[in-house]
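Please read the structure below before turning to the comments.
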Amino acid sequence: MKAVIPYKKCSAKSRLSPVLTREEREEFVELMLNQVIDTLKEAGVGTIDILSPSIYGLENMTKANVLLDKNDLNEALNGYLEQAEEPVIIVMADLPLLSSKHIIEIVSTKKDVCIVPGKGGGTNALYIKNPSNYRVRYYGSSFLTHCSIAADSGQNFEIYDSFFAGTDIDEPEDLVELLIHGKGPAKDYINRKFKLEVSRGRVRLITL
Ligand SMILES: Nc1nc2c(ncn2[C@@H]2O[C@H](COP(=O)(O)OP(=O)(O)OP(=O)(O)O)[C@@H](O)[C@H]2O)c(=O)[nH]1
Ligand SMILES: C[C@H](OP(=O)(O)O)C(=O)O
């Protein structure tokens, strides 16, 4: 089994631009990437590949292999899956609440595919036992698409239901979850820039 993390640092996380500058977003995604790598290592994953359109931000990466592919996210991942000869877990780089326990449970599935939904219809992680028989289609409601792709190709699948694994950091309100539940460098980075406003209703983010 091996893991692949698609990653693009350049101008990353544009949906956080109302609250973070480009430079800050690029620093922040690097911290999240490193946490995801550490989580995979802690779970005992031996091979970790980062699949990126550019070497930008990965020049000094020593904890994982760096594979460059200028194609878009789906084309790059499908090229990777086509060549893979062992089960693959695709893990997005924006999951600072993901833990090694989640990874161990996801890859223990008895099904052919295990799908971890993300907020708003996305797919945060995807474990595929027969990668050469599966193709991804991220963006839009990719969670539903990935369920259909498994079903249509005769592969049974499990949906891994977890609030923490399901919390990808895309929008300012997601930073609230990171501040409440997170730990480590990504949470510390956000903690230096924002605080929580606790009143009636949902906890909100306030810029310091
Ligand atoms: N290899 C590769 N990875 C990508 C590409 N675009 C995004 N990613 C990665 O795919 C995962 C999901 O991407 P998004 O959540 O849309 O992140 P993003 O593109 O930085 O964010 P937005 O600009 O807000 O859409 C993250 O791990 C990104 O780093 C790409 O073109 N190629
Ligand atoms: C790549 C995309 O990420 P989101 O925009 O949902 O975070 C998806 O999961 O399909």
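The values are calculated or read from the model by the stated rules, or taken from the named source; none is laboratory data. Treat the numbers as computed from the prediction; the structure is a model and nothing was measured. Cβ sites come from the backbone with ideal geometry, for glycine too, and all protein chains shown count toward neighbours.
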Query raised in the report: What number goes with the only condition from (1) under 18 Å from GLN155 (Cβ atoms); (2) modelled with pLDDT of 95 or more that SER132 does not pass?
Result: (2)
Report task. Check whether at least one residue in segment 23-44 is farther than 25 Å from LYS193 by Cα and assigned to a loop (DSSP other than H, G, I, E, B), and report yes or no. Result -> yes
Report summary line: Expected output for segment 61-74 (first residue within 19 Å of THR39 (Cβ to Cβ), partner modelled with pLDDT of 95 or more and within 16 Å of ligand 2 (Cβ to nearest atom), Cβ below 8 Å, 6+ apart or cross-chain) is MET61/ILE50; ALA64/ILE5; ALA64/ILE50; ASN65/ILE50; VAL66/ILE50; VAL66/SER52
Query - Any pair with Cβ under 6 angstrom, 6 or more apart, that starts in segment 113-138 at a residue that is touching a residue at least 60 places away in the same chain (Cβ under 8 Å) and ends at one that is of a type in the set (Ser, Thr, Tyr) - result: ARG137/THR145
Query raised in the report: Can you pull out the residues in segment 120-134 that are assigned to a loop (DSSP other than H, G, I, E, B) and either within 16 Å of ligand 2 (Cβ to nearest atom) or closer than 17 Å to VAL36 by Cβ (or both)?
Result: GLY122, TYR134
Query raised in the report: Given (1) closer than 18 Å to PRO6 by Cα; (2) near ligand 2 (Cβ under 9 Å from one of its atoms), where does THR145 come up short, assuming only one miss?
Result: (1)
Report task. Quick one: in segment 82-119, of everything that is within 20 Å of GLN155 (Cα to Cα), out of contact with any Cys (no Cβ under 6 Å at 6 or more places or on another chain) and assigned to a helix (DSSP H, G or I), which residue is farthest from ligand 1 (Cβ to nearest atom)? Result -> GLU105
**Report entry** Considering residues of segment 142-169 that are of a type in the set (Gly, Ala, Ser) and within 16 Å of ligand 1 (Cβ to nearest atom) only, the residue surrounded by the most Cβ atoms within 10 Å (Cβ to Cβ)
**Finding:** ALA165
Query - Among (1) within 14 Å of ligand 2 (Cβ to nearest atom); (2) of a type in the set (A, V, I, L, M, F, W, C); (3) not in a loop (DSSP other than H, G, I, E, B) - the single one VAL176 does not satisfy - result: (1)
